[in-house]
Structure formats: C-alpha cells, structure tokens
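K.L.:
The structure that follows is given in the form of structure tokens.
Every number here is computed from the coordinates shown, using simple stated rules; none is lab data. As the structure is a computational prediction, the values presented were derived from the model and not from experiment. Please note: Cβ atoms are built from the backbone with ideal geometry, for glycine as well, and neighbour counts cover all protein chains shown.
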Amino acid sequence: MDFHEFWKLVLEEAAAAPGNAERRIVTFHDPRQYAGALSQWKSLKSRRPGLRRVKVSPLIRAFFVPAAGAVKLVQRYSEAVAVEEDLRIQIHSHTQSPAANKNSHSLPWGVRAIRAPQAWSRSTGVHIKIGVIDTGADFLHPDLKSSLASGVNLLHRGMLPIDDNGHGTHIAGTLAAAGGMRGMMGVAPRSLIYPVKAFDHTGSAFVSDIVLAIDWCVQNRIDLINMSFGMKSRSNALHDVVVKAYRAGIPIIASSGNDGKRGGDYPARYSEAIAVGAIDRKRRVASFSNHGSYIDVYGPGENVTSCWPKEGYKEMSGTSMATSHVTGAAALLLALRPGITPRELKLALRRTSSPLLLRKGQRRATLGGGAVDAMRLLRARARRPTGAGSAPRMPG
C-alpha cells in the first residue's frame, strides 16, 4: 500500500469538506498497514497543515479525517480500510429545574432508594477510578473537590475538562459527591471521578470523540466507565471500541435513552455494555425511559437532585441520571471485588436487582432487569448464579 498516496488522497478529501461539518472514520483491517499509515502521517503532518486536523485512535486502528464523502478513499482502498460517517451523538438529558435549598439535598432520594447509605459500612468505592465521558465537571464545586481527578479535555487538549453545560457535573455529583451534611452525598463518595470531556456546551459530540474518550480510559487503566448518552444509529467504530474496553476488563454502563419506547439507543444496546433504564419514586419504569428485554438494570431517574456548576444544585430527569446511580453502585462492588469482569458485573447487577412495580398493561418480561439495589449487590459479592432467572445479554 502506498501510504504517501493514501494521505495525499485524504488531503484532497479534506479540502472538499465544508469546514468541520463532515468527518469520516477510517479504520484499517491490518495492524501492519495501520502502523505504516501512522508512521507516514507523523512524518508528513509537520509539512502538511491539513493533516493536523486528523485524529488517531490506536485502540481500534482508526484515523478520523475531515472529508465530504470519502468516495475516492472507499473506491481505492476498500480492501484495506473501512470508512464510515462520523455521526453526531447527544447526552441523555430530559428535563431540569433549579433546586434552591442545597442543605436539604445531602441524601437525594435516588441515593436513598438504592440503599447506598446502608452499604457504606461495607464499601464507599474507595480508590475506584470512574471515567465519566460527558461535558466535563465543575472543579470548584465544594461537594466535588475531593472527588475529581484531572481527567482530560478532548476538545481542547491541555485544558482542564471544565463543564460548560452542567450535565457532566450532575452525573459526577450522583456518582461521588462528598459534601457531608453541608452539601450532598453521592452513591460512591470515596471513588475518584476522571472527567473525560468529549461533549461541547450543547451536549453534542461526534462518535470519534467517544472513541477517543474510551481509548483514553483504556490507556489510563480506568476501572469503570459511565456513558450517559446515545444515538439511534449503529456505528462499527463505536461498537469496536466498546468491545476493546470489554476485553480490557473495563465495564461500560450506558443509558438507554428517553424516548419512552421499547428499544433504545446505542451504545447501550451493544451486548458488551450494561444498559440502564430509569424508574420513578414509586419504583415504576419512568414514563420517558426506554425499556425492553435488553435493559440490564434500572436506576432512579426522575427529578434527581445533584450538583450543578457555580456551586449550585439542579433537579434533572433522564436515563442519564439513572445510569450514574448504577455506576455508583458498581463502584461500591468493585472496591470490594477489584478483579470482577464486565460480564460478572452485569450478572451481579441483574441477579441482585429488586422487582419493579408494573403500570397497567405492562408485563415484567418486556421490561428487562429490575431496580438496582446496592445492599443486595454487595451482599452477593458477585457470586455466580446457581438458580434460575432471566439471562442477561452476553456477547457472542
């Protein structure tokens, strides 16, 4: 393969692309050809400014290139590479409103509902590193100061992943806030959040940003990944990187989406992920939550109060909020059982979940798993199941 010619063609495609509006993910099938293309790119980019816009994921052997259609790339190198559109992906927020009295939120209802406080005598999630792929975090929030590591800003390398949206701060608060009696407490208050800023101020990202975020988490040996976002379309590149994290032993916990339908968004629908739906205060599937047999577990997701930028608090609803409760419970278990695999964690979450209350016309079998219960999860300590029960989705 002529790598110089390959990059010449990429530059031609980039010149035809309207700004940053069009991007393509180019994945090499052969590791040796990827290595050759990577070496050539490194030697060329200092002389060809257009190549500096290219980003790289070593984990899935991919380049993310500005390109209008990449028709010539597909035609000339179809046997060597796979080319797909770099799709947009959105955070899963539903509704939000201010929460004025912060002193009343030391234990939000969701943290109590999953029985996290009762579990703290056994585990507080100490030393568990949680990658939160989101909009960043508020590093000045008093409830999060002791819970945040520096993380990474994939949109502006070299800068802290400061939250300019609020969603990431809200997720971090439910996960690991440690404000004591003066602020709020999250599910796993002694775990450590690594904010991975992949989403902009509007809550939007490209699939390539998510691939780079998971790549960073794998390279930095993160223990657990929270992904409160999704999209309707499948992406081979996104699935590939989720599989890579799974094989590296890093569980990915993902929100199913807020369409109120049977079915759901990707990446939650990939069998290697742990798919989360939302429940309300009555332990029923929330009206906005997606549902179905692929859902592994449900978490509190309606009117959840958590941290907000500028030392604030906000009430939000969505499967995003449910996912942070489940990830927090998983962190409690991982602190007791550091070697647990993603498959074992999924089994444990499903096996120890509590039954849901059904709405009129609902059948339990169509909903998937039950409600997350931190105490039951820790008591089980991820023992392998011996009795009957609904089997979770497992990768083939």
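K.L.:
Placing +1 at every Lys and Arg Cβ and -1 at every Asp and Glu Cβ, with all other atoms neutral, what dipole size does the chain have around its Cα centre, in debye to the nearest 20? Provide the component values of the computation, followed by the final result.
P.N.:
Working: 54 positive and 30 negative charges, 274 e Å.
Here the chain has a charge dipole of around 1320 debye.
K.L.:
Also, I was wondering about something else. Work out, step by step, the length gained on full extension between SER78 and SER293: first 0.36 nm times the residue separation, then minus their alpha carbon distance; give nm to one decimal.
P.N.:
Details: separation 215, 0.36 × 215 = 77.40 nm, distance 3.69 nm.
The span from SER78 to SER293 would gain 73.7 nm if fully extended.
K.L.:
For the Cα atoms of the chain, what angle does the longest principal axis make with the long axis of helix 319-336, in degrees from 0 to 90, nearest 10?
P.N.:
80
K.L.:
How large is the charge dipole for the range 228-297, taken about the Cα centre, if only the Cβ atoms of Lys, Arg (+1) and Asp, Glu (-1) carry charge, to the nearest 20 debye? Spell out each step's value before the answer.
P.N.:
Details: 11 positive and 6 negative charges, 50 e Å.
Charge dipole, the range 228-297, about its Cα centre: 240 debye, nearest 20.
K.L.:
Could you compute Rg(Cα) / (2.2 N^0.38 Å) for the range 293-377, with N its residue count? Could the numbers behind the result be given before it?
P.N.:
Working: Rg = 14.5 Å, N = 85, 2.2 N^0.38 = 11.9 Å.
Relative to the rule-of-thumb radius for its length, the range 293-377 sits at 1.22.
K.L.:
Still on this structure: Could you give the distance between the Cα centres of the range 231-291 and the range 333-384, to the whole Å?
P.N.:
15
K.L.:
Work out, step by step, the length gained on full extension between THR202 and ASN236: first 0.36 nm times the residue separation, then minus their alpha carbon distance; give nm to one decimal.
P.N.:
Between THR202 and ASN236, full extension yields 9.8 nm more.
K.L.:
Grab the DSSP H runs of the chain that are 4 residues or longer, score each as -39,500 (n - 2.57), total them, divide by all residues and round the 222 nm result to the nearest 500 deg cm²/dmol. Spell out each step's value before the answer.
P.N.:
Numbers: 11 runs with 114 residues, N = 396.
My calculation for the chain gives -8500 deg cm²/dmol from helical runs alone.
K.L.:
Moving on to the next point. Please compute the contact order of the range 90-380 in relative form: average sequence separation of alpha-carbon pairs under 8 Å and at least six residues apart, divided by the residue count, as a percent.
P.N.:
Values: 811 pairs, mean separation 69.6, N = 291.
Relative contact order comes out at 24 percent.
K.L.:
Is there a pair in LYS8/LYS55; LYS314/LYS360; LYS197/LYS314; LYS8/LYS232 whose C-alpha atoms are over 26 Å apart, and which pairs would that be?
P.N.:
On the way: LYS8/LYS55 16 Å; LYS314/LYS360 31 Å; LYS197/LYS314 20 Å; LYS8/LYS232 34 Å.
Among LYS8/LYS55; LYS314/LYS360; LYS197/LYS314; LYS8/LYS232, the Cα-Cα distance tops 26 Å for LYS314/LYS360; LYS8/LYS232.
K.L.:
Report the semi-axes of the equivalent ellipsoid for the chain in whole Å, largest first, where each axis is √(5λ) for an eigenvalue λ of the Cα gyration tensor.
P.N.:
Values: eigenvalues 274, 103, 70 Å².
Over the Cα atoms of the chain, the semi-axes work out to 37, 23, 19 Å.
K.L.:
When THR174, THR124 are ordered from fewest to most other Cβ atoms inside 10 Å of their Cβ, what list results?
P.N.:
On the way: THR174 32, THR124 21.
Sorted ascending by nearby Cβ count, the order is THR124, THR174.
K.L.:
Another question, then. Summing Lys, Arg as +1 and Asp, Glu as -1, what charge do residues with Cβ under 15 Å from the Cβ of ASP134 carry, ASP134 excluded? Numbers along the way, then the final one.
P.N.:
Details: positive: LYS197, LYS314; negative: ASP138, ASP163, ASP164, ASP200, ASP209.
Net local charge, ASP134 excluded: -3.
K.L.:
Which ordering of TRP109, TRP7 is given by a fewest-first count of other beta-carbon atoms within 10 Å?
P.N.:
Details: TRP109 14, TRP7 22.
The fewest-first ordering by Cβ neighbours comes to TRP109, TRP7.
K.L.:
Can you give me the angle between helix 207-219 and the longest principal axis of the chain, using Cα atoms only, in degrees from 0 to 90, rounded to the nearest 10?
P.N.:
70
K.L.:
For labels at THR341 and ASP30 in the simple 7 Å Cα→Cβ model, what's the distance in nm?
P.N.:
Label at THR341, label at ASP30, 3.2 nm between them.
K.L.:
Antiparallel DSSP bridges in the range 90-380: what percent, to the nearest 5? Intermediate results must be reported in sequence, preceding the final value.
P.N.:
Numbers: 16 of 42 bridges.
Once the DSSP bridges in the range 90-380 are tallied, antiparallel ones form about 40 percent.
K.L.:
If I model a spin label as a point 7 Å beyond the Cα along the Cα-Cβ vector, how far apart are those points for MET159 and ASP2 in nm?
P.N.:
Going by the 7 Å Cα→Cβ label model, 4.1 nm.
K.L.:
Report the label-to-label distance for ARG53 and LEU107 in nanometres (one decimal), using points 7 Å from each Cα along the Cα→Cβ vector.
P.N.:
Between ARG53 and LEU107, the simple spin-label model gives 5.4 nm.
K.L.:
Moving on. For a quick protection proxy, order the peptides 144-152, 35-43 by their average other-Cβ count within 10 Å, most packed first.
P.N.:
144-152, 35-43
K.L.:
So, by mean Cβ neighbours within 10 angstrom, what's the order for 72-79, 367-374 with the highest one leading?
P.N.:
Those peptides, ordered most packed to least, come out 367-374, 72-79.
K.L.:
When PHE6, PHE229 are ordered from fewest to most other Cβ atoms inside 10 Å of their Cβ, what list results?
P.N.:
Working: PHE6 22, PHE229 30.
So the ranking, lowest neighbour count to highest, is PHE6, PHE229.
K.L.:
Something else about it: Between helix 167-176 and the chain, what is the angle of the helix's C-alpha long axis to the longest principal axis, kept within 0 to 90° and rounded to the nearest 10?
P.N.:
50
K.L.:
Ranked highest first by average number of other Cβ atoms within 10 Å, how do 205-213, 128-136, 54-62 line up? Mind dumping the intermediate values first?
P.N.:
Numbers: 205-213: 24.8, 128-136: 28.9, 54-62: 19.3.
Highest mean packing first, the order is 128-136, 205-213, 54-62.
K.L.:
If you don't mind, another one. Shape verdict for the range 84-240, please, from the Cα gyration tensor: rounded (a/c under 1.5), prolate (a/b greater than b/c) or oblate. Intermediate values should be presented prior to the final figure.
P.N.:
Values: a/c = 1.82, a/b = 1.62, b/c = 1.12.
Cα axes put the range 84-240 in the prolate bin.
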